[in-house]
Each structure stands twice: as structure tokens, then as C-alpha cells.
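The values are calculated or read from the model by the stated rules, or taken from the named source; none is laboratory data. All values derive from a computational prediction rather than experimental measurement. Positions of Cβ are generated from backbone atoms using ideal geometry, with glycine treated the same way; all protein chains shown enter the neighbour counts. The protein model used for the area step is the full one, side chains on, heavy atoms only, and it has no ligands, DNA or RNA in it. Shrake-Rupley method; radii C 1.70, N 1.55, O 1.52, S 1.80 Å.
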Amino acid sequence: MTNSSKTKLTYIFWFAITIMVIITLICSEGYKIPITGPLMKVEIKNNNTYILDVHCKSADDDIGSRALKNGESYRWQFYVNFFNSTLYFCEFHQGKVTKGVFDIYDALRDFKRCTRCTWMAETDGLYGFSEKKPPPAAVFYKWLK
């Protein structure tokens, strides 16, 4: 094997190793890499006279429960993942009564719909709004009870 061939094989080897490391980092759920989508902000506001218990999570993060009084909000922010598959869902309760479990942020639905996704908990259900102009159609989930 000539010296030129050895040099080419060495470059190809290191190039392949570099590509494999990059792919591994991108696909790794535990490693937070800066290759992400935009920052999204979510707010759920309780407009009911009763305390609304809200528990939100994704496949990777349980962001916890909040007991919202009238006028109070539950807010969080996150970066959409590289594959645009980010999904946050929340369970809603009024005391022991389950009001429902709903997708609050679904990248497939919401990526172009909003960057500040606002939800209003009303007497008949949950309304999702966007800050974009003109506003897209609101998303609505009806309470189970």
C-alpha cells in the first residue's frame, strides 16, 4: 500500500468516526445538545371559580403539578427537539373529578401555530390561542365532566 493510500484511508476513518459521534449525540435523549428548534413558551390560565389542578409532562420531563386558583397561570418553556416531535400533555382535575388529559403542545400541530401558546381554562373546556397574526383557529378541548 502506498503512502498516499494510507493517508486517504486515515482521513476516511477519522471522517467516519466524526460522523458517527455526531449522529450519536443528535440521537441521544440524555445529552442536551444545542441542535434544537426554537424556544416555545406555554401558559395555562385558570378562568374558573374553582381550583384547577394541572399536572404536565412530556416523554422526557415531568414538569410537575400546580393548583391554580382563579386568574392564576402555569407557565413553562422549552426548546423543540431536533426531530420536531416534542409533545407535552397535561391532566386536569377539579378536586377528585378528572376533567381530562390533553395535548397542550404537539410540535406537529403547534410548531407553526404558536411560539407563545396560551391556554384558557373556561367552564366548558380548554381553549388554545396563538400570538400570531392573523391568528390561526383556536384549539378547543371539552371537559369530560
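Worth pointing out:
- Report note on the peptides 64-71, 80-87: ranked by the mean count of other C-beta atoms within 10 Å, highest first, their order is 80-87, 64-71.
- Percent breakdown of C-alpha pair distances by 10 Å bin, ordered from the shortest bin, for the chain: 10, 33, 24, 13, 8, 6, 4, 1, 0
- Length-normalised contact order of the chain in % [C-alpha pairs under 8 Å, at least 6 apart]: 21 percent
- 3J(HN,Hα) along the stretch 61-77, derived from phi through the Karplus expression 6.51 cos²θ - 1.76 cosθ + 1.60 where θ = phi - 60°, amounts to 10, 9, 8, x, 10, 9, 9, 9, 7, 3, x, 7, 10, 10, 10, 7, 9 Hz, with x in place of Gly and Pro.
- Acute angle (nearest 10 degrees) that the helix 3-27 long axis makes with the longest principal axis of the chain, alpha-carbon atoms: 10 degrees
- Under 11 Å, Cβ to Cβ, from Tyr74 - net charge with Lys/Arg +1 and Asp/Glu -1: 0
- Qualifying lysines (Cα of each under 24 Å from Cα of Lys145; at least 8 residues distant if same chain): Lys45, Lys57, Lys69, Lys96, Lys99
- Accessible area (Å², per residue) of the chain, counting only protein heavy atoms and a probe of 1.4 Å: 65 Å²
- Where GluC sites (Glu not before Pro) in DSSP loops with at most 12 other Cβ within 10 Å are excluded, longest remaining stretch of the chain: 30-130
- Helical mean residue ellipticity (222 nm; -39500 (n - 2.57) per DSSP H run of 4+; nearest 500) of the chain: -6500 deg cm²/dmol
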